[in-house]
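Remarks on the structure that follows.
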Amino acid sequence: MSKIKIIADNLSNIPWEDKPEGYHGPVWRHSQNPVIDRNPAKDISRIFNSAVIPYEGKFIGVFRAETTNGRPHLHLGYSDNALDWTIEEERIEFVNEAGEPFQPNYAYDPRLLKVEDTYYIIWCTDFYGAAIGLAETKDFKTFTRLENPFLPFNRNGVLFPRKINGNYVMLSRPSDSGHTPFGDIFLSESPDLVYWGKHRHVMTGEGAEGWWQNVKIGGGPAPIETSEGWLVFYHGVTGTCNGLVYSMGVAILDIDEPSKVKYRSKNFVLTPEESYETTGFVDNVIFPCATLHDAETGKIAIYYGSADTRVGLAYTTVDEIVEYTKATHEAVPGDNEIGKM
Ligand code: BMA
């Protein structure tokens, strides 16, 4: 039993390994990483930045697949143990609300979560440039696209797993259409997933003590509800003379007013170190997009894209990560602006 409570279903069949002896960090890697390596299915050369969820006693995922022509699309995958994945060779076929085919020109960095009885996929779509796409499914057979929540340019849309004060809530990261050299995490609310407003600024990487997040930050997996607040893993980016480096950070947001940061760690909790993270299509990228977590034990398994090439898995517990976040907290100037100017 954990001291800090995860407010979600019990999920005792998630992958798990204890922290290795002598390892000091609050998040540790699965010993058999990567869980998905290059060329995982016919005509798919790389899978990374992908999201998984429990479904009917097993696991299902929406995967960012780079096809052999280099254009990313979303493919379904299935697993009994959330480690060995069978990826569909055909991409997900989306329809519009009238049931007609409505394929995105490209699709990447999906998040996947359930709110009430419906599963939602949020991804980066083409809407006159990079923007956030949204679709719903109840059965993983029919995928209906809803209105794009925001104007271009925006990425890293992350829906919360329940309504807060009666509204759906989404994190996003307004950006540009390329390899955006700036960016903070914002939050918006909607009564119906169509009209979005009450926009708030949540977090900035600039001005924080650590340099690992000084270029930009963006949301990661769906927030985890805990007795201490919403636990969020996110990516933070720094620039070097060899390009950008993506690490994983952690913060805890207020449970009723999630635009307020309660605690955030000044340190990264995972940074590219292993060869499958430092070398790939894009070197030095750790990009978390999903967690599986068990309320009873407090175990958390984090799925992350590794070097834009593979899927990695890492572990922590709610007690350890919350404790670490509090112990290494820094109040960053700019985090507490409510964003209404
Ligand atoms: C971002 C996104 C991610 C990618 C990252 C590193 O802008 O495109 O999909 O993992 O760059 O290349």
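The values are calculated or read from the model by the stated rules, or taken from the named source; none is laboratory data. Since we're looking at a predicted model, the values are computed, not measured. Using ideal geometry, Cβ is built from the backbone for each residue, glycine included, and neighbour counts are taken over all protein chains shown. Accessible surface areas use protein heavy atoms only, side chains included; no ligands, DNA or RNA. Shrake-Rupley method; radii C 1.70, N 1.55, O 1.52, S 1.80 Å.
What Rg and what Dmax come out for the range 180-298 when only alpha-carbon atoms are used, in angstroms?
Considering the range 180-298 through its Cα atoms, Rg and Dmax are 15.3, 45 Å.
Testing the spin-label approximation: label points 7 Å from Cα along Cα→Cβ at LYS58 and GLU21. State their distance in nm.
Using points 7 Å along Cα→Cβ, the separation is 3.8 nm.
Which one of PRO110, PRO26, PRO288 has the biggest mean-square fluctuation once the chain is modelled by GNM with Cα springs under 10 Å?
Checking each option, the largest mean-square fluctuation is seen for PRO26.
What FRET efficiency comes out for ARG38 versus TYR128 if R0 is 41 angstrom and r is the Cβ-Cβ distance? Round to the nearest 0.05.
It comes out at approximately 0.80.
Counting only protein heavy atoms, what percent of the accessible surface of the chain is carbon or sulfur at a 1.4 Å probe?
49 percent
Please give the Cα centre distance for the range 253-283 versus the range 200-244, rounded to the nearest Å.
Each part's Cα centre sits 6 Å from the other's.
So, in nm, how far is label VAL194 from label SER45 when the simple model puts each one 7 Å beyond its Cα toward the Cβ?
4.2 nm
Using a cut-off of under 16 Å, list every residue of the range 190-226 whose amide N is near the label point 7 Å from the Cα of GLU147 along the Cα-to-beta-carbon line.
Inside the label zone: 190-199.
Rg (Å, one decimal) plus Dmax (Å, integer) for the alpha carbons of the chain?
Cα-based Rg and Dmax for the chain come out at 18.3, 57 Å.
Taking the Cα centre of the range 28-328 as origin and charging only Cβ (+1 Lys, Arg; -1 Asp, Glu), how large is the dipole, in debye to the nearest 20? Show your work: numbers first, answer last.
On the way: 27 positive and 40 negative charges, 96 e Å.
Charge dipole of the range 28-328: 460 debye, to the nearest 20.
ASP80 accessible area, nearest 10 Å², 1.4 Å probe?
Near enough 110 Å² of accessible area.
Can you run phi through the Karplus equation (6.51, -1.76, 1.60; θ = phi - 60°) for the range 128-135 and list ³J(HN,Hα) in whole Hz, with x for Gly and Pro?
Whole-Hz 3J(HN,Hα) from phi for the range 128-135: 6, x, 5, 8, 9, x, 9, 9.
Which of rounded, prolate, oblate describes the range 240-329, given a ≥ b ≥ c as roots of the alpha-carbon gyration tensor eigenvalues and a/c under 1.5 marking rounded, otherwise prolate only if a/b is larger than b/c?
Prolate.
Name the lysines eligible as straight-distance cross-link partners of LYS260: C-alpha to C-alpha under 18 Å, and not fewer than 8 places from it in the same chain.
Here the lysines satisfying the reach criterion relative to LYS260 are LYS163, LYS198, LYS326, LYS340.
For an R0 of 30 angstrom, estimate the FRET efficiency from the Cβ-Cβ distance between GLU90 and SER227 and round to the nearest 0.05.
Once the sixth-power term is evaluated, E becomes 0.10.
What residue among ASN156, ASN81, ASN49 has the largest mean-square fluctuation in a Gaussian network model of the chain, using Cα springs under 10 Å?
Its mean-square fluctuation being the largest, the pick is ASN81.
Which distance in nm do the two modelled labels at HIS329 and ASP254 give, with both placed 7 Å along the Cα-to-Cβ direction?
1.3 nm
Kindly write out, for the range 75-89 in residue order, the coupling ³J(HN,Hα) from the Karplus curve 6.51 cos²θ - 1.76 cosθ + 1.60 (θ = phi - 60°), rounded to whole Hz, with x marking Gly and Pro.
So the J values, rounded to whole Hz, are 10, 7, x, 10, 7, 7, 10, 6, 10, 9, 10, 9, 9, 5, 6.
For the chain, what is the mean residue ellipticity at 222 nm derived from helices alone (per DSSP H run of n ≥ 4: -39500 (n - 2.57); sum divided by total residues; nearest 500 deg cm²/dmol)?
Calculated at 222 nm, the ellipticity per residue is -1000 deg cm²/dmol.
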